[in-house]
Amino acid sequence: MLFDPLRRPHTTRTITGPRPRSAVTVCRVHPSPYLLFVELLPTRSMPDLAAPSASPDADDEPAAGSVGTRSRFAWCITGSGHFIDESMALAARLPACDLFLSAAGEEVLAIYKMSFEHLKPRFRIFRDKTASGVPVGMLYEDVYHTVVVAPATSNTVAKCAFGISDTLPTNMFAQAGKLGIPGIVFACDTEPVVVTRSPHDWVTLRPRQVEFDNVERLRAIDFCRVVASPQQLEAALNERLAELSLAWNTSSS
Ligand SMILES: Cc1cc2nc3c(=O)[nH]c(=O)nc-3n(C[C@H](O)[C@H](O)[C@H](O)COP(=O)(O)O)c2cc1C
């Protein structure tokens, strides 16, 4: 379902909050989130996805009460098969977490047979269907307190490290940084040898120096924390939950 952007007036808003520099930008914001669902391949079992603590949110709006409260996690999924299961299992344990997919992320979820039907009861899902990253408007409506990119492809890591924002995840990451909203990026190509599960087999990759350089460059980006393993990702989320006085979902049914 596509929002009618004319339903809500454009707003002019002064961006406040922690910023590393003295300049404060005034932006004209078009808060017109855009949400579509698709039918994909038959599902396989998802890895340890805990049931949400509350019923699913509406399909096409920020959840009631979430606008202006910075009360949700934005979790961006890129086209990485590496650690996709582990990442999704952590996302499912978070309270109030929405998914933002790159086009490649959407394809890879389908290739790994994680169907939207299985994900929809647990997450609101935003797809990469606009050139300008329209769902990013919700960051300016103060819906999200944290942006997670996990797992992050080498491609997305490189873009984030160089300030490029031309996909939904890279736009979410860049705009979050401009608003002082913390970002956590799970960069997967951080070891000399990476053994990963392809859709049909295990494969061995040897990331290049450029991948390592981009990870290091990303570590220097404002409001960004880089993690390099599922354990580090869980620990970073643990810390973020504690900062926000929140807790993991405990329901397993
Ligand atoms: C099945 C499959 C698995 C993939 N896994 C990875 C991966 O683990 N890491 C990676 O950097 N790219 C991986 N790719 C390639 C990315 O999907 C591709 O570079 C894509 O352009 C990334 O786009 P995005 O960064 O916008 O999501 C994979 C591709 C396929 C088809």
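If you take every DSSP beta bridge whose two residues both sit in segment 69-243, what share of them, in percent to the nearest 5, is antiparallel?
Numbers: 4 of 25 bridges.
Beta bridges within segment 69-243, antiparallel portion: roughly 15 percent.
Take every DSSP beta bridge whose two residues both sit in segment 170-243, then give the antiparallel share in percent to the nearest 5. Don't skip to the end; give the middle numbers.
On the way: 4 of 8 bridges.
Taking every DSSP beta bridge with both residues in segment 170-243, the antiparallel ones total about 50 percent.
With +1 assigned to the C-beta of every Lys and Arg and -1 to the C-beta of every Asp and Glu, and no other charges, what is the dipole magnitude of segment 69-243 about the Cα centre in debye, to the nearest 20?
Rounded to the nearest 20 debye, it is 260 debye.
By counting other Cβ atoms within 10 Å of each Cβ, how are Asp85, Asp128 ranked from fewest to most?
Values: Asp85 18, Asp128 23.
Ordered from fewest to most neighbouring Cβ atoms within 10 Å, Asp85, Asp128 come out as Asp85, Asp128.
So what are the ³J(HN,Hα) numbers for segment 209-222, from phi and the Karplus equation (6.51, -1.76, 1.60; θ = phi - 60°), rounded to whole Hz, Gly and Pro as x?
4, 4, 5, 5, 4, 5, 4, 5, 4, 5, 4, 8, 6, 4
If packing is taken as the mean number of other Cβ atoms within 10 Å per residue, what is the order of 223-233, 71-81, 135-145, 173-183, highest first?
On the way: 223-233: 17.6, 71-81: 24.8, 135-145: 22.5, 173-183: 20.7.
Ranked from most to least packed, the peptides come out as 71-81, 135-145, 173-183, 223-233.
Taking θ = phi - 60°, what integer Hz values does the Karplus form 6.51 cos²θ - 1.76 cosθ + 1.60 yield along segment 108-119, in sequence order, with x for Gly and Pro?
For segment 108-119, the Karplus curve yields 5, 4, 5, 4, 8, 6, 9, 7, 4, 4, 6, 7 Hz.
Assuming R0 = 51 Å, can you tell me the calculated FRET efficiency for the pair Ser251 and Gln209, based on Cβ-Cβ distance, to the nearest 0.05? Please list the in-between numbers first.
Details: r = 44 Å, r/R0 = 0.87.
In this case the efficiency is close to 0.70.
List the relative contact order of segment 126-248 as a percent without decimals, with contacts defined as Cα pairs under 8 Å and 6+ residues apart.
Details: 172 pairs, mean separation 30.4, N = 123.
Result for segment 126-248 is 25 percent.
List, in order, the whole-Hz ³J(HN,Hα) value for each residue of segment 135-141 obtained from phi through the Karplus relation with A = 6.51, B = -1.76, C = 1.60 and θ = phi - 60°; use x for Gly and Pro.
Ordered by residue, 3J(HN,Hα) equals x, 4, x, 5, 4, 6, 8 Hz.
Rounded, prolate or oblate, given the Cα gyration tensor of segment 90-192, with a/c below 1.5 counting as rounded? Write down the numbers at each step before the final one.
Values: a/c = 1.40, a/b = 1.09, b/c = 1.29.
Rounded shape, in that the Cα axes give a/c under 1.5.
Fewest to most neighbouring Cβ within 10 Å: what's the order for Val210, Val185?
Working: Val210 11, Val185 30.
Neighbour counts put them in this order, fewest first: Val210, Val185.
If we count other beta carbons within 10 Å of each Cβ, what is the order of Asp166, Asp201, fewest first? List each step's numbers first, then the result.
On the way: Asp166 13, Asp201 6.
The fewest-first ordering by Cβ neighbours comes to Asp201, Asp166.
Throughout, read-outs are computed from the coordinates displayed, never taken from laboratory work. No experiment lies behind these values; they were computed from the predicted model shown. Here Cβ is always computed from backbone atoms with ideal geometry, including for glycine, and neighbour counts include all displayed protein chains.
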